[in-house]
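As structure tokens, the structure follows; a few thoughts come after it.
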Amino acid sequence: MKVLISIDSFKGSISSIKGSEAIASGIQEVYKDAEITTLPLADGGEGTVEALVHALSGKRVEKVVTGPLHEKVNATYGIANDGKTAMIEVATACGLPLIPKGGLNPMKATTYGVGELISDAIEKGCRHFIIGLGGSATNDAGVGMLQALGYRFLDNQLQEVGLGGKALAGIDRIVVDDVNPELSECTFQVACDVNNLLYGKEGAAYIFAPQKGATEEMVVKLDQGLSHFASIVSDQMGIDIQNRKGAGAAGGLGAAFSGFLQGELQSGVDLVLDVIGMEEQLRDVDFVITGEGMLDSQTSMGKAPIGIAQMAAKYDIPVIALAGSVNQEGFNLNEKGLTSCFSIIPSPMSLDEAMNTAVTFNNLRFTASQLFRLIRSVGGQRDRFLVPS
């Protein structure tokens with residue numbers, strides 16, 4: 001019996017690594033000699049660095065950087081075992097969880113810390129970057145990140161404009177004399193699962209800023225600032241940062257990565273699956289176990305479990321998903337490649353109890369054990385489940 005376990009984190013409950021351990025334990029209660037491979041999964045958001053560090057035998061690096069509200073925060077990123085590839089989730093330096101309740105303010109919030117992480121990785125020898133966008137508290141078009149990398153943004157008095165979304169409207173000149181020269185040696189793969197342009201009614205400010213604390217008045221000002229900044233970049237650098245799918249991601253970080261750093265914006269789950277070598281890992285596998293906290297119709301929209309299900313379907317490998325809950329409304333995951341799915345909640349319980357890490361670990365272990373007892377009873381090998389041609 002050969003099983004590949006590749007689950008996303010159950011956010012707020014259990015990490016993908018610990019969840020995988022639980023599932024493996026349940027399988028081994030039934031198949032003591034099972035050959036089990038675990039590959040923590042992510043879709044470019046929370047948990048991406050953890051999954052990639054595990055898959056690439058890397059290490060985590062801690063760095064004190066400038067947080068979203070200009071305070072110092074402890075951020076972490078990963079470096080692969082090749083010593084040349086860095087993995088960064090932008091939320092570790094400018095994410096929503098870093099700001100106390102009631103303190104959200106995208107006019108002030110900056111991405112400066114993201115640039116500090118990139119600079120630190122460059123100093124350590126990294127020249128290839130895998131970036132996870134998502135969860136940012138910012139709307140500064142990545143200007144803060146660029147400032148940390150040596151770009152200077154001046155107002156019409158030739159003074160530095162400062163940090164945050166409010167600074168965009170005052171930018172009059174871009175100075176590149178002090179940009180880190182080693183950036184020209186760097187490549188960026190950016191996990192980005194939205195197609196929003198930088199500004200406009202479907203842009204970063206109107207679509208995402210309200211959830212980052214922006215009032216209606218702020219949204220208008222932020223959008224005007226994004227539009228003004230795009231105009232300055234076009235006029236002075238000849239770069240169109242507006243008409244790029246994903247430019248509005250993470251408050252405009254998508255525009256900064258793709259326009260200034262020549263980053264490639266990619267589907268998060270496709271990027272992660274490619275980096276961890278998922279297709280190679282599927283060879284000769286009998287079953288794949290995947291999952292996340294909730295399975296619903298949104299899972300088919302670029303989420304990690306459906307990504308692996310679609311890849312495994314090419315090889316006729318059954319894919320079983322485990323989840324804290326399964327929403328049946330509009331459910332379409334079987335048509336998308338998922339063989340079957342199961343909730344791990346065995347009895348009525350409160351949300352707090354269901355989210356408890358120890359409870360989730362035990363529920364994953366028990367459910368996996370019961371599933372593989374069934375599989376053993378009907379023969380054990382995946383070929384028994386395939387319809388004869």
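The values are calculated or read from the model by the stated rules, or taken from the named source; none is laboratory data. Computed from a predicted structure; not experimentally measured. Because the Cβ atoms are built from the backbone with ideal geometry, glycine has one as well, and the counts that use them run over all protein chains shown.
Some notes on this structure:
- The condition (being farther than 23 Å from Pro68 by Cβ, in the same structural domain as Gly134 (by TED's automatic domain parsing), in a loop (DSSP other than H, G, I, E, B) and of a type outside the set (Asp, Glu)) is satisfied by just one residue among Gln242, Gln236, Gln189: Gln242.
- When the residues of the stretch 111-160 are filtered to those that are free of Cβ contacts under 8 Å to residues at least 12 places away in the same chain and not charged (D, E, K, R), the one that is farthest from Gly95 (Cα to Cα) is Gln157.
- Pair list, Cβ under 7 Å, 6 or more apart: the stretch 353-370 residue crowded, with 17+ Cβ neighbours inside 10 Å, other residue of a type in the set (Asp, Glu) and at pLDDT below 95: Val359/Glu353
- Exclusive hit being among the β-branched types (Val, Ile, Thr) and within 21 Å of Glu264 (Cα to Cα), set Val90, Val65, Val61: Val90
- Conditions (1) surrounded by fewer than 23 Cβ atoms within 10 Å (Cβ to Cβ); (2) touching a residue at least 60 places away in the same chain (Cβ under 8 Å); number of the one not met by Gln224: (2)
- Top-ranked residue of the stretch 247-275 - restricted to ones that are under 14 Å from the mean Cα position of the chain (by Cα) and not in a helix (DSSP H, G or I), ranked as farthest from Gly324 (Cα to Cα): Leu265
- Filter pass, Ser234 being among the polar types (S, T, N, Q), at pLDDT 95 or above and either buried (at least 20 other Cβ atoms within 10 Å of the Cβ) or closer than 30 Å to Ala304 by Cα (or both): no
- Verdict on Val3 being without any contact (Cβ under 8 Å) to a residue 60 or more places away in the chain and either surrounded by fewer than 22 Cβ atoms within 10 Å (Cβ to Cβ) or on the phi < 0 side of the Ramachandran plot (or both): no
- Filtered by the rule that a residue be hydroxyl-bearing (Ser, Thr, Tyr) and either part of a helix (DSSP H, G or I) or over 26 Å from the mean Cα position of the chain (by Cα) (or both), the stretch 333-379 gives Ser347, Ser350, Thr357, Thr360, Thr367, Ser369, Ser377.
- Qualifying residue in the stretch 306-324 (condition: of a type in the set (Ser, Thr, Tyr), modelled with pLDDT under 95, part of a loop (DSSP other than H, G, I, E, B) and more than 24 Å from Ile14 (Cβ to Cβ)): yes
- Members of the stretch 144-157 that are surrounded by fewer than 20 Cβ atoms within 10 Å (Cβ to Cβ) and over 14 Å from Ile232 (Cβ atoms): Gly150, Gln157
- Yes/no for Ile23 being in the same structural domain as Asn362 (by TED's automatic domain parsing) and not in a loop (DSSP other than H, G, I, E, B): yes
- Residues (touching a Lys or Arg at 6+ places or on another chain (Cβ under 7 Å) and surrounded by fewer than 24 Cβ atoms within 10 Å (Cβ to Cβ)) located in the stretch 33-54: Glu35, Glu46, Val53
- Leading residue by the ranking (farthest from Gly134 (Cα to Cα)) among those in the stretch 84-104 that are surrounded by 13 or more Cβ atoms within 10 Å (Cβ to Cβ) and out of contact with any Leu (no Cβ under 9 Å at 6 or more places or on another chain): Lys84
- Number of residues in the stretch 320-339 that are surrounded by 13 or more Cβ atoms within 10 Å (Cβ to Cβ) and more than 20 Å from Leu271 (Cβ to Cβ): the value is 12.
Conditions (1) at pLDDT below 95; (2) of a type in the set (S, T, N, Q); (3) within 18 Å of the chain's Cα centre (by Cα), marked per residue:
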{"position": "Leu4", "(1), (2), (3)": "no, no, no"}
{"position": "Lys11", "(1), (2), (3)": "yes, no, yes"}
{"position": "Ile17", "(1), (2), (3)": "yes, no, yes"}
{"position": "Ile23", "(1), (2), (3)": "no, no, no"}
{"position": "Thr37", "(1), (2), (3)": "yes, yes, no"}
{"position": "Glu50", "(1), (2), (3)": "yes, no, yes"}
{"position": "Ser57", "(1), (2), (3)": "yes, yes, no"}
{"position": "Gly67", "(1), (2), (3)": "no, no, no"}
{"position": "Glu71", "(1), (2), (3)": "no, no, no"}
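- Picking from residues in the stretch 279-305 that are at pLDDT 90 or above and surrounded by 22 or more Cβ atoms within 10 Å (Cβ to Cβ), the one that is nearest to Lys2 (Cα to Cα) is Phe287.
- Residue within the stretch 206-213 that is surrounded by 21 or more Cβ atoms within 10 Å (Cβ to Cβ), aliphatic (A, V, I, L, M) and closer than 14 Å to Ala256 by Cβ present: no
- Candidate set: the stretch 55-66, residues that are among the β-branched types (Val, Ile, Thr) and out of contact with any helix residue (DSSP H, G or I) (no Cβ under 7 Å at 6 or more places or on another chain); chosen: the one surrounded by the fewest Cβ atoms within 10 Å (Cβ to Cβ): Val64
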